[in-house]
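Scroll down for the structure; my scribbles are underneath it.
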Number of protein chains: 2
Amino acid sequence: MAKRSTKKHWVGFDLGGTKMLAVVFDADCKVVGKRRRRTKGQDGVEAGVARIVATIDEALTDAKLTRDAVAGIGIGCPGPLDLDKGILLDTPNLGWRDVPLRDTLQDTFGCPAFIMNDVDSGVYGEFRFGAAQGAHCAVGVFPGTGIGGGCVYEGKLIRSKTGSAFEIGHMQAVPDGPLCGCGRTGCLEAVASRLAIASAAAVAAYRGEAPHLLKEAGMDVSNIRSGTLARAIKAGDQAVEHIVRRAARLIGSVVGDVVNLMAPDVVVLGGGLVEAMPKLIVDEVRLAARERTMPVFRKAFDVRAAALGDDASVLGAAAWAEAQVGSGKA
Amino acid sequence: MAKRSTKKHWVGFDLGGTKMLAVVFDADCKVVGKRRRRTKGQDGVEAGVARIVATIDEALTDAKLTRDAVAGIGIGCPGPLDLDKGILLDTPNLGWRDVPLRDTLQDTFGCPAFIMNDVDSGVYGEFRFGAAQGAHCAVGVFPGTGIGGGCVYEGKLIRSKTGSAFEIGHMQAVPDGPLCGCGRTGCLEAVASRLAIASAAAVAAYRGEAPHLLKEAGMDVSNIRSGTLARAIKAGDQAVEHIVRRAARLIGSVVGDVVNLMAPDVVVLGGGLVEAMPKLIVDEVRLAARERTMPVFRKAFDVRAAALGDDASVLGAAAWAEAQVGSGKA
């Protein structure tokens, strides 16, 4: 990171439903301090924001720094945001509404702060430091409980007029498919997220077609995690492999249509499911995406596993803050 | 247009398969000269390029100007392009290959020139002067013989690393649908272009379900033009109306998925089909797009008919040249 002054450190923050993470980076993007805490959203907004501030303070202490060393803060957040006003509109799992987090952090730490969608911060992290470095256009797809998507185009995150955009998980994958959490049917997220895979695997277990999965996790979809699925496949549960491959092909098919629009050079796949089975999922997505892509774009893009794991979001958030300050948007 | 110098006029050029059009604009974007000619692609590249130069010269003469008045030239072209090298790679209907048109025009007229995809120039024209003025993100869809698409995001055209992108016409509309010209199946273009509509209408005519259309145009798909379809519907051919509405719904459905990604504020529909039946098509596309769009984006976009007709492309090409010169990309 290029900024040089007495304030030369950047804070990346990841606000999750169950845990929060603050990381302090020096001007060369090296980690110099870190602090993780449980989020405890149920304690309410005021306690939650105090917890965010305390976590950043503790990461600074870990780095042997004080608040006046911070040049900027980037925060990856779940849920709909007002990016220009810096407000968390409605934070799922936390029950927070209309939280002016950006201004609170700016006032508290005396430096520019930026909120952003947590998938966007992850994609931006991979673009700046990971699997999509130097891309003209990088598309990120993160299958988890849902399926998040983001796109860095010519160095900038694609966003809507007021909030985040690039909702790949809500593009149509199967006409008249199953009900999605968004209220419509057949969205990619409804047929290819970890939750959709887990529900299909539970049915296979019920039918006696996934004995290893049944033994390890039973038929409760909340117990069937990415690691469970990977271990069941390795142990020989062919039905589970079939289910995961089908989901990956559906992701690939939708990715192919995204390529027809954005013509990215790199598509990055991340999240727990991909981390547990990178080769299986990346290969299947690549194949299906190429089939669905116009000949002119087919050879111009690659599909890759994310390189930074959980660090992508904090790295991306800090780097985004730095880029905004650098371009005078603070 | 803001540029002020002795060179203060801009040329917009539209290179079509059958005709070419050069328009000279003054610094305030007013038309001051114009010349239209047949393209005659079969005469070969050299004659064709000479014809382009002559057409621009004649438009300048019409404007009572000489070559040294031109600050920049923008050319909307069909077929794949190398945007950075300024080369027409393969021009359908003309049979031209690897034509370094940009450099030829720069050398001839002594000013910067820019080639661009002709759909992109149309979308950019609507963004600057037409139905999408001031949009954060404008998506354009132009159903004709094929279905062209383009997107202006924060003032810039979405493009691939080397050429144009945003191929809405080749996103999947119908799984396992009919064969498309691109070699795949079920592309939007294969089920909702004027050609696809004409072929379905010809079948209806054969079955005796489209008597007015049959009487006017027969069953030859090349005779069934946009105006033919509009007149048949007006005269009472319900089967034709059904076919056009179905195509518009398919366009809307794909547009809905594009909205899930790009969250545009405006979707502009243009081309002959829309000009012949603006209300029918725009209403149907809007309805289907809203159904296919995430709740959060549903009220944030509008679908509109293009406002500039055939002028969109030349206006857009000239304005794009001006914007590139202004940003120092010449």
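The values are calculated or read from the model by the stated rules, or taken from the named source; none is laboratory data. This structure is a prediction, so every number in the text was calculated from the model and none was measured. All Cβ positions, glycine included, derive from the backbone under ideal geometry; neighbour counts span all protein chains shown. Accessible surface is based on the protein model in full, side chains and every heavy atom, while ligands, DNA and RNA are left aside. Shrake-Rupley method; radii C 1.70, N 1.55, O 1.52, S 1.80 Å.
So which residues in the stretch B:198-256 are among the aliphatic types (A, V, I, L, M) and touching a strand residue (DSSP E or B) at 6+ places or on another chain (Cβ under 9 Å)?
Those that are among the aliphatic types (A, V, I, L, M) and touching a strand residue (DSSP E or B) at 6+ places or on another chain (Cβ under 9 Å): B:Ala247, B:Ala248, B:Ile251, B:Val254, B:Val255.
Go through the residues of the stretch B:221-235 one by one and say whether even a single one is modelled with pLDDT of 95 or more, under 23 Å from B:Val255 (Cβ atoms) and within 14 Å of another protein chain (Cβ to nearest Cβ).
For the stretch B:221-235, residues modelled with pLDDT of 95 or more, under 23 Å from B:Val255 (Cβ atoms) and within 14 Å of another protein chain (Cβ to nearest Cβ): absent.
For the stretch B:161-171, check the following and say yes or no: at least one residue is among the aliphatic types (A, V, I, L, M) and more than 17 Å from A:Arg298 (Cα to Cα).
Of the residues in the stretch B:161-171, the ones among the aliphatic types (A, V, I, L, M) are B:165, B:168, B:171.
Within this subset, residues satisfying the condition of being more than 17 Å from A:Arg298 (Cα to Cα) are none.
No, the stretch B:161-171 contains no residue that is among the aliphatic types (A, V, I, L, M) and more than 17 Å from A:Arg298 (Cα to Cα).
Of all residues in the stretch B:248-275, which are touching a His at 6+ places or on another chain (Cβ under 8 Å) and either among the aliphatic types (A, V, I, L, M) or buried (at least 24 other Cβ atoms within 10 Å of the Cβ) (or both)?
B:Asn260, B:Pro264
Cβ contacts < 8 Å: first residue touching a residue at least 24 places away in the same chain (Cβ under 8 Å), restricted to the stretch B:260-275; second residue in a helix (DSSP H, G or I) and aromatic (Phe, Trp, Tyr), any location; separation 6+ or different chain. Result?
Hits for this filter: B:Asn260/B:Phe297; B:Ala263/B:Phe297.
Could you check B:Met219 against (1) closer than 24 Å to B:Asp118 by Cα; (2) open to solvent by 30 Å² or more (accessible area, probe 1.4 Å) and say which number it fails?
Answer for B:Met219: the failing condition is (1).
Give me the residue from the stretch B:276-330 that is more than 28 Å from B:Lys19 (Cβ to Cβ) and touching a Cys at 6+ places or on another chain (Cβ under 8 Å) and, out of that set, least open to solvent (accessible area, probe 1.4 Å).
Selected residue: B:Met294.
Among the candidates A:Thr39, A:Thr18, single out the residue that is under 20 Å from the mean Cα position of the chain (by Cα), open to solvent by less than 60 Å² (accessible area, probe 1.4 Å) and of a type in the set (Ser, Thr, Tyr).
Numbers: A:Thr18 fails: open to solvent by less than 60 Å² (accessible area, probe 1.4 Å).
After applying the criteria, what remains is A:Thr39.
With among the small types (Gly, Ala, Ser) and touching a residue at least 60 places away in the same chain (Cβ under 8 Å) as the only criterion, which of A:Ala217, A:Ala289, A:Ala321, A:Ala232 stands out? Step through it out loud before you land on a result.
Details: A:Ala217 fails: touching a residue at least 60 places away in the same chain (Cβ under 8 Å); A:Ala289 fails: touching a residue at least 60 places away in the same chain (Cβ under 8 Å); A:Ala232 fails: touching a residue at least 60 places away in the same chain (Cβ under 8 Å).
Sole residue among the options that is among the small types (Gly, Ala, Ser) and touching a residue at least 60 places away in the same chain (Cβ under 8 Å): A:Ala321.
Among the candidates A:Glu291, A:Glu284, which residue alone is more than 18 Å from the chain's Cα centre (by Cα) and within 14 Å of another protein chain (Cβ to nearest Cβ)? So that I can check it myself, show each step before the final result.
Numbers: A:Glu284 fails: within 14 Å of another protein chain (Cβ to nearest Cβ).
Step by step, each of A:Glu291, A:Glu284 is checked, and only A:Glu291 is more than 18 Å from the chain's Cα centre (by Cα) and within 14 Å of another protein chain (Cβ to nearest Cβ).
Could we say that B:Glu275 is at pLDDT 95 or above, more than 26 Å from B:Asn117 (Cα to Cα) and either touching a Gly at 6+ places or on another chain (Cβ under 7 Å) or not polar (S, T, N, Q) (or both) here?
On the way: at pLDDT 95 or above: yes; more than 26 Å from B:Asn117 (Cα to Cα): no; either touching a Gly at 6+ places or on another chain (Cβ under 7 Å) or not polar (S, T, N, Q) (or both): yes.
No, not satisfied.
Within the stretch A:45-82, restricting attention to residues that are farther than 16 Å from A:Thr104 by Cβ, of a type in the set (A, V, I, L, M, F, W, C) and not in a strand (DSSP E or B), which residue is most open to solvent (accessible area, probe 1.4 Å)?
Within the stretch A:45-82, the match that is most open to solvent (accessible area, probe 1.4 Å) is A:Leu65.
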